Each structure stands twice: as C-alpha cells, then as structure tokens.
Amino acid sequence: MRSAESRVRTALRSGGRAFVLSFEALAGSAVLFILSLLSFTLILLGVGLVTTPWLTQAVRKHANRRRLLAAQWSDIRVPVPYRPFPKDVRDGFTGQVERTTLIMKDPATWRDLRWLLLDMTAGFVLLVFCWALLVYPVEGLVLAAGLWRVFEDDTYWYAFVPVDSQLTGLAAAALGVVLFHVGVRASRPLLRLHFVLARSALAPAPEELAQRIDRLTETRHEAVDTAASELRRIERDLHDGAQARLVAMGMNLGTIEALIEKDPAQAKKLLAMTRTSSAEALTELRDLVRGIHPPVLAERGLGDAVKALALRLPITSEVTVELPGRAEAPVESAAYFAVSESLTNVVKHAGADRMWVDVHHAEGMLRISVTDNGKGGATIGAGSGLSGIERRLGTFDGVLAVSSPAGGPTMVTMEIPCALS
Amino acid sequence: MRVVLAEDLFLLRDGLVRMLEAYDFEIAAAVESGPELTKALAELKPDVAVVDVRLPPSHTDEGLQCALTARRDRPGLPVLVLSQHVEQLYARELLADGNGGIGYLLKDRVFDADQFIDAVRRVAAGGTAMDPQVISQLLSRRSVDEPMGALTPREREVMELMAQGRSNGAIAAQMVVTERAVAKHTSNIFSKLGLPVSDDDNRRVLAVLAYLDRG
C-alpha cells in the first residue's frame, strides 16, 4: 500500500515537472529558435553581429538549464561542449565580430539550433503525454460522478468512449483508472525519454569524440616513446661520461695517496690531471642539463631562451619576442626544443647566412616562425627533422607548417594553443 | 676587503668563505637568498659582492636581478656573478651600464683559486672579469664579421684576454711579449673598433660591450 502511494507520489511529481517544462519547451525553445534563425540571417546586414552573441548566450543558458534538470531529475548527464572564448577577445565592434565568428565556427551552436527545433516538437509532445496521462483520468472520474448529465443529448467523447449515460460515464471512469495506471507507470520513463532526446541532440557527435580520442592516443604513445628514449639517452650519457670520470678521479686520488710521500712530483702531476677530469665532468653534466632543461629557459622563460639560443648560432639572426607572460613549463619546453631543432636544421641544411625568429602569443595561440634566406626545398616527411618537430608539437595539439619553395626562402611556422600566465 | 657572498648551496658557500678568508678577504655576510642579498648589499656596503645567479626563493635568476638592482642604486658597485652556465645574454645585461666592476664567471673557475681570487680583486678594483667561455664563443662566431675580421690573429688573441678583463701586464705575461707590444695591440684594437680615446679601463669594458652588442 505504502509502495503504491509512494509510486503515485513520484509519478505526480514527474507529471508536475513535465507540466512546467512543457511550457519552457514550447514557448522558450520556439521563441529562441525563431530569433536565432532571424539573427543568423541578419548577420549579413550587420545587425546580427550585435544580436547573435547575446542571443547565443540566451540559448546556451536555456540549454544549460535543461542539462541541469536532466541531471537532477533523471540522472542523465548531457556534456557541455561549448568552446570558451579566448581571454583576449577585444572590446567594441571588432570584439563582436570576433565573437560572432567564433560562435558560428562552434559546432555546438548548430547542435543547439537542432535541439531547439526538436525540443519544441517531439520533446514537447513527450512532456505533454507525461502530465496528460495523469490529469486526463480526472476528467473520466468527474464524468462518472455526474458531469455525464450535461452531455445526455449531445454525446461527449472521452477518448474512445462516447459519454451520454451513467453507464458510459462509468466506462469513462474505468478507462480513466486504466489510463491513470498507465500514467503512473509511464510518467517517469516519459520524462526520462524527453531528456534522452535532448541529450541525443545536444551531445557532440561520437565521430568528433572518436577522432579526438584517436589523436590523443597517438600523441600519447609518441610522448611516452620520446620520453623513454630520452631517459635512455640521459642514462647512457651519465654512465659513459660523468660517472666514468668520477670513478677515474677516485682511482687517481687513491694513487695520489700512495704516491704523495714516495714521489711528490708524480703525485702533483696526477692531481692536475684529476682537476682537469673534474672540470670535464662538470662540462659534460652542464651539456646534459642543457639538453634536458636549458637553464635560461628555467630562469627567464621562452623568449630569452630563444634569444640566448640564437646568440650561440654561427648565423646572424634576428629574434623578435612578444610574450606578455609565461606558458606552462611543458609547453615552454616543447616550444623551445622545437625552435632549437628548426634552428639546427637551418644551420645544417639551409645554406643560409641570415635568419629571423619571431615568437608571439595571440588569440590563445603561441606562434613561432623561423625564416631563413637559404636554398629552400625543405619538406615534412619520413626521416626529416621537421617531422620530429611535428611530433613534439603534436603532444600539445600544436601544428607545424612549412613553406619552402626550391631556391628559398624557407619559413617554418609553429602554433601551440596555450594560455600565458 | 669586505665581501658579501650569496650562494644557496651550503657546501659551496662554505668553501667560498674559506677560500676568500684564506686570501685575506673579510666576509661581511654570507647569505643564501635574494631578499637577504638585497638587504646585505644595502646595509653593509661591501667592497665587492660575489653572487650566484640562481637563488631562492624563485630559483630563477634572482641573484642576477638583485645584483643589477643594487648597481642601479649604487652605480659601479663591484659584483662578481657566478653561474653554473654562462650566457652572452646575461653578460650583456651585466655590462650594459658600462660602469665596469663586473665579473661573470662559471662556477668551475673556483677550482683555480689564484685565478679566481685575481678575478675578485680585478672586479673590486673596477675592472672586468668575463668568463673565457663567453669570450671564446663570441670570437669563434664573430671572427668573420666586420670589424672583428679586421683584427689580426695576434690582436684577436689580445682582444680575447682583454675581454676577459686582464690588464696589459697580465696579457703580456701570458703571451710572453713586452707590455709595450700589448699596449700597441690594444690601441690598434680600439681604433679598429672605433672606440674614442678616454679612460683606459672603461674603454676595455666598452670593447667587450662592442663584442656583445654584435650578438
């Protein structure tokens, strides 16, 4: 008895929620759908540039409310796939144009539009069924209770029952009871179905996600491989270099200890050798550190690190840096080594005598270009140093573009999406 | 001579204190962080500061920045910067005010105590002490450039030693020539670099700067 009571109560609650929601679905979605279409069309006239960002905001709010209710009422999670605006969108009219362009490029905008259409039709019908199945039976009972008298002369159809007497009135009541039962059982699933429908329209297409996952898997594998081989190289360098030297120094010191009284001259010579050895070990360790995390990069960030790098090259280079802050350490490091590799490429292969490096950050992108006046003909392909750079950048969703006609000049452009702090 | 020393690694700081004391320097303070260094430089007014580039709390180039700030407040304050690595970029920043009294050396140079102490004294006296690694890097790269290309091999050798901050006497001793010969080479170098006749010491700093600015 108790369970039946609570079941009716949940059903009524679902019905009530559906009742409220049905108005939102019909009025809200329809109005927003029409206004959105209008606003998109008016972009051509310029008016849309003002209204679109504002309206999209309203649509997203509307959709987000439905997402929230889906999670609260039916435990259905609908992902929020909106691309955030970059932090540096300008103010005023240009900002509006930028914002509108970004909105039109976001696939979520078009999914929202599709959802609005679906919501005001199929979504609305589902909601109406959800509450009507609970409300309509009341009419059957009222008819049986005496309202049938009004329709004695003029038959009233309650669903498929023609009501014109007490008997048919009771039939209507019986049908109402049956319908109520159906309603009690169906209201929750119907509300749920409504949210599932919303999710199907609002969630990003699986292909989009699948593509992204493929790409992430690939770059993760590459990153792991690179890190592993890098570690092996470091281990080997330590083992063959500094470590061996330290062992030799220890041995020398032992010999010196034995010689110091017997043959001071020889001991002195060995001491000098040992000191040279320790200096060499230091040099090797320093080079190793530079290969792992260059000191200037750690101390000053990407801009100065690239400048310092260029100073060490045998080719005259001009470096322009426009960075209002520092990127995250892994991004900085990847960018630095990418630049380092492309500069090495220039020195080794381009036959250039001048080069220009430009580092700047705009619209959430770190852009670096390396240009030289060499002989050109560089390609990204198997075995070329450029594909190594491409892999390095890929880990951070960065891209590499090369323009290198035969005869030069060569321009290598790198882009990494990142925020500066 | 009173020294303020800034180095965050205890072992190195301790070693440096002992070495400097062995050569009759007075250690006014031996500190281990940027803020302490700034305070010590302002309050103790040392004759020379020996500073590690990388200091806490930021562990970036805090020592270098503190030294540069202190020199802005007190132009010509002799500072010898020690670093695990040397970069032209930092050398240029240190020399930029053209005041002299600047040294920039690899930490390994303390292996040779005599040379290291010589560098400290030179800096304290208003001279320069640039690490041979910075200078040789510059020379190997710039040898084809004008007007450095105009220097004869002998003059380039003198330039290298002069850029490190050596006096004519020291250069003469190292190259086994007379001091007069060195003086002749240096005046040739100055005229080839287009440096006007002025205070000799400052011209040496300017010559190094001329090098660095070509980078």
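The values are calculated or read from the model by the stated rules, or taken from the named source; none is laboratory data. In this text, all values refer to a predicted model and were calculated from it rather than measured experimentally. Cβ: placed from backbone, ideal geometry, glycine included. Neighbour counts: every protein chain shown. These area figures cover heavy atoms from the full protein model, side chains too; ligands, DNA and RNA do not enter into them. Shrake-Rupley method; radii C 1.70, N 1.55, O 1.52, S 1.80 Å.
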- Task: Looking only at region A:339-360, decide whether some residue is open to solvent by less than 50 Å² (accessible area, probe 1.4 Å), in contact with a His (Cβ under 6 Å, 6 or more places away or on another chain) and not acidic (Asp, Glu).
- Result: no
- Item | Residues that are open to solvent by less than 50 Å² (accessible area, probe 1.4 Å) and not aliphatic (A, V, I, L, M), drawn from region A:232-250 | A:Gly241, A:Gly250
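Regarding B:Ile189, is this residue open to solvent by less than 20 Å² (accessible area, probe 1.4 Å) and more than 21 Å from B:Arg122 (Cα to Cα)? Before you say what the answer is, go through the steps one by one.
Values: open to solvent by less than 20 Å² (accessible area, probe 1.4 Å): yes; more than 21 Å from B:Arg122 (Cα to Cα): yes.
So B:Ile189 passes the test.
Report whether or not A:Ser229 is polar (S, T, N, Q) and either outside any helix (DSSP H, G or I) or surrounded by 11 or more Cβ atoms within 10 Å (Cβ to Cβ) (or both). Before the answer, list the steps.
Details: polar (S, T, N, Q): yes; either outside any helix (DSSP H, G or I) or surrounded by 11 or more Cβ atoms within 10 Å (Cβ to Cβ) (or both): no.
It is false that A:Ser229 is polar (S, T, N, Q) and either outside any helix (DSSP H, G or I) or surrounded by 11 or more Cβ atoms within 10 Å (Cβ to Cβ) (or both).
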- Message: Suppose we filter B:Leu55, B:Leu41 for residues that are in contact with a strand residue (DSSP E or B) (Cβ under 9 Å, 6 or more places away or on another chain), assigned to a loop (DSSP other than H, G, I, E, B) and either within 14 Å of another protein chain (Cβ to nearest Cβ) or closer than 29 Å to A:Arg300 by Cβ (or both); which single one remains?
- Response: B:Leu55
- Which residues, counting only those in region A:289-302, are more than 9 Å from chain B (Cβ to nearest Cβ), surrounded by fewer than 20 Cβ atoms within 10 Å (Cβ to Cβ) and farther than 19 Å from B:Gln137 by Cβ? A:Ile292, A:His293
- Message: Can you say whether B:Leu95 is open to solvent by less than 70 Å² (accessible area, probe 1.4 Å) and under 24 Å from A:Arg300 (Cβ atoms), as far as the supplied structure shows?
- Response: yes
- Message: Just to be sure I understand, how many residues within region A:378-421 are assigned to a loop (DSSP other than H, G, I, E, B) and buried (at least 16 other Cβ atoms within 10 Å of the Cβ)?
- Response: 10
- Item | Single unsatisfied condition, A:Ser340 versus (1) closer than 26 Å to B:Leu106 by Cα; (2) within 14 Å of chain B (Cβ to nearest Cβ) | (2)
- Answer yes if at least one residue in region A:239-261 is touching a Phe, Trp or Tyr at 6+ places or on another chain (Cβ under 8 Å) and not β-branched (Val, Ile, Thr), and no otherwise. no
- Tell me which residues, restricted to region A:303-328, are open to solvent by 50 Å² or more (accessible area, probe 1.4 Å), within 12 Å of chain B (Cβ to nearest Cβ), outside any strand (DSSP E or B) and not basic (Lys, Arg). A:Pro314
- Odd one out for A:Leu49, checked against (1) open to solvent by less than 80 Å² (accessible area, probe 1.4 Å); (2) closer than 30 Å to A:Val184 by Cβ: (2)
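Output yes when any residue across region A:258-277 is open to solvent by less than 40 Å² (accessible area, probe 1.4 Å) and within 14 Å of chain B (Cβ to nearest Cβ), and no when none is.
Yes, because at least one residue in region A:258-277 is open to solvent by less than 40 Å² (accessible area, probe 1.4 Å) and within 14 Å of chain B (Cβ to nearest Cβ).
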- Note on the structure: Of (1) out of contact with any strand residue (DSSP E or B) (no Cβ under 9 Å at 6 or more places or on another chain); (2) open to solvent by 70 Å² or more (accessible area, probe 1.4 Å), B:Glu21 fails just (1)
